[in-house]
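In what follows, a structure is listed as structure tokens, so that the remarks can point back to it.
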Amino acid sequence: MTQTPVLRIEGMTKRYGQKEVLRDASLSVNEGQLKILIGPSGGGKSTLLQCINFLVTPDAGRVWLKGEEIVRTQKKVLYEYRQKLGMIFQDFNLFDHLTALHNVTIGLVRVKGMSKQDARDKAVYELERVGLKDHISKYPAQLSGGQKQRVSIARALAMDPEVMLLDEPTSALDPELISEVLTVIENLRANGMTMVMSTHHMGFAREVADEIVFLEDGHILEVGTPDKIFLNAECDRTRAFCSKILELYGSA
Amino acid sequence: MEEVLFIQHDVIPALWRGMIVSVELIIPSALCGLLIGIVIGVSRVFGNAFLKTLANTYVAIFRGFPLVVQLFIWYFGLPHLGIYLSPYVASVLGFSLCSGAYHSEYVRGALLSIKRGQLLAAQSLGFTKMKMIASVVLPQAFRRALPGCGNEIIYLIKYSSLAYMITCIELTGEGKIIASETFKYTEIFLIVGIVYLLLTSVASWVLHRIENRLRLPGFDNYGL
Ligand SMILES: Nc1ncnc2c1ncn2[C@@H]1O[C@H](COP(=O)(O)OP(=O)(O)O)[C@@H](O)[C@H]1O
Ligand SMILES: [Mg+2]
């Protein structure tokens, strides 16, 4: 018997004017899996991730969470569905007027309707988990990039999501700060979090991904295990992209 | 000696009365204007097409019509429709509606300065649009709009002097009456001017206090 994927998308399509930036993309993610999206800039990775939780409205495409189709036109269904998907953005998108602590509690209080005290306890726990115990009362402007990204991860995790979507979570970070964020993501994976992540960090992708998805010009051109994609890609485009990235960043 | 007595017995009480009326015009107009500005500003940025058009039209009209004309319409025009407003109410209405239109420009600019990413983040957490505006957008936009809105309030203090045109006798009105009785235009209006200067100074001081109060890391004039 095949297990029901936690998240399944079918035929995702998005056009901006004449330009098709996502064409008929389909994907399914099983419990505890980490899928990594790779591909050139402008290939549609962010668009795909944002279509999954309907931050971008796709022109066509269907989504199922734990076997249940999401009817995005029903506002209540949409808002509840979004709570179940945590999203991490390239440039953190913390709320600038709130401390690290309140960045995490605001969703718990305003969306989940939790009491302030419970929200605080939960937020402190999540911030401790990402190693920010000593920074909870700092404002985003007082945090480093790596710390900001970890706050945003804590903010998403506090909502108890079923799936995490991560859009190039380390691309805006200075090199020395990348590993602190990748370590957090690896821990999530070890704890069984289901994730879809886009990244240019091939070393990381190769080491921890269950499956790699190569996306170019809005097409999913190839899906496979890291070994297959990096060593034995069937598609020329995939091979060309991987060797170019290896050239640029080394094999690390 | 006569001069001193005249100032003590006639000028000061009249101008004091006028100033009280001015303050009574300014404070509610400033608060209502700000509220209108926020509602209109939010509608212009986050409203649906209908709301946007409505709000834009509002701003076009209330910024386009001279304020005196607006006051005349509220005071002399509405009675034709069977609505009679006192000079005071007509003035507060006129000032609030007009300054609301100006405030909405500052609010709109501030709303547009909030990075789109933060809106996406709020939506990804499951915020409804209304909750997102209330808990993420407005607290930040308010801080950014404050200098502009403060400026508009200072301006309001001065254009509140138009109320006497529809017989709401405030500071300028009282000054004009005494001046025309005594022909001491220069002296009287110099004093009137100084009182306005005092009012605007107090208002700037209060606004500054509020700005400092709301100051947060990352919002402190870009670190300057
Ligand atoms: N709001 C938008 N309007 C018009 N074009 C857009 C918009 N967002 C993205 N695009 C275009 O869609 C394509 C895919 O972008 P994106 O999903 O950000 O790619 P990636 O994340 O892989 O770099 C790009 O060509 C980009 O210019
Ligand atoms: Mg991108």
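Some values worked out for this structure:
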| quantity | calculated |
| --- | --- |
| Geometric extent, Cα atoms of the range A:55-126 - Rg, Dmax (angstrom) | 14.8, 42 |
| The protein assembly as shown - Rg (one decimal) and Dmax (whole number), Cα, Å | 30.1, 109 |
| Span from the the range B:10-87 Cα centroid across to the the range B:158-224 one, whole angstrom | 17 Å |
| Interface B:A - total buried accessible surface [probe 1.4 Å, Å², rounded to 100] | 2100 Å² |
| FRET efficiency for B:Arg209 and A:Ser26, using Cβ-Cβ distance with R0 set to 60 Å, rounded to 0.05 | 0.55 |
| Relative contact order computed over chain A (Cα-Cα under 8 Å; 6+ residues apart), in percent | 26 percent |
| Pairwise FRET efficiency - A:Asp134 versus B:Leu35, Cβ, R0 = 56 Å, nearest 0.05 | 0.85 |
| Value of relative contact order over the range B:2-214, rounded to a whole percent, pairs C-alpha under 8 Å and six or more apart | 29 percent |
| Residue-averaged beta-carbon neighbours from other chains (10 angstrom radius) around A:50-60 | 1 |
| Accessible heavy-atom area order of B:Ile40, A:Ile185, B:Ile7, highest first, probe of 1.4 Å | B:Ile7, B:Ile40, A:Ile185 |
| Chain B: calculated mean residue ellipticity at 222 nm from DSSP helix runs of at least 4, using -39500 (n - 2.57) | -24500 deg cm²/dmol |
| Whole-percent pair-distance distribution, where bins are 5 Å wide, for the alpha carbons of chain B | 1, 7, 12, 15, 15, 14, 11, 9, 6, 5, 3, 1, 1, 0, 0, 0 |
| Chain B: DSSP helices with Cα axial extent of at least 18 Å and average Kyte-Doolittle hydropathy no lower than 1.0 | B:12-46, B:185-214 |
| Chain A - mean residue ellipticity at 222 nm from DSSP helices (-39,500 (n - 2.57) per run, n ≥ 4, rounded to 500) | -12000 deg cm²/dmol |
| Shape call, chain A: gyration tensor on alpha carbons, a/c limit 1.5 | oblate |
| Where labels lie 7 Å past Cα in the beta-carbon direction, separation of B:Ile83 and A:Lys228 in nm | 7.1 nm |
| Solvent exposure of the protein assembly as shown as accessible area per residue, Å², 1.4 Å probe | 49 Å² |
| Of all accessible heavy-atom area on the range B:2-214, the percent that carbon and sulfur account for (1.4 Å) | 70 percent |
| Solvent-accessible area, 1.4 Å probe, carbon plus sulfur percent, for chain A | 44 percent |
| DSSP-loop chymotrypsin sites (Phe, Trp or Tyr not before Pro) across the range B:50-89, with at most 15 other Cβ within 10 angstrom | B:Tyr84 |
| Fully extended contour minus Cα-Cα distance, from B:Thr182 to B:Phe6, at 0.36 nm per residue | 62.3 nm |
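The values are calculated or read from the model by the stated rules, or taken from the named source; none is laboratory data. What you are looking at is a predicted structure, and each value in this text was computed from that prediction instead of being measured. Using ideal geometry, Cβ is built from the backbone for each residue, glycine included, and neighbour counts are taken over all protein chains shown. Note: accessible area is taken over every heavy atom of the protein model, side chains too, but ligands, DNA and RNA are not part of it. Shrake-Rupley method; radii C 1.70, N 1.55, O 1.52, S 1.80 Å.
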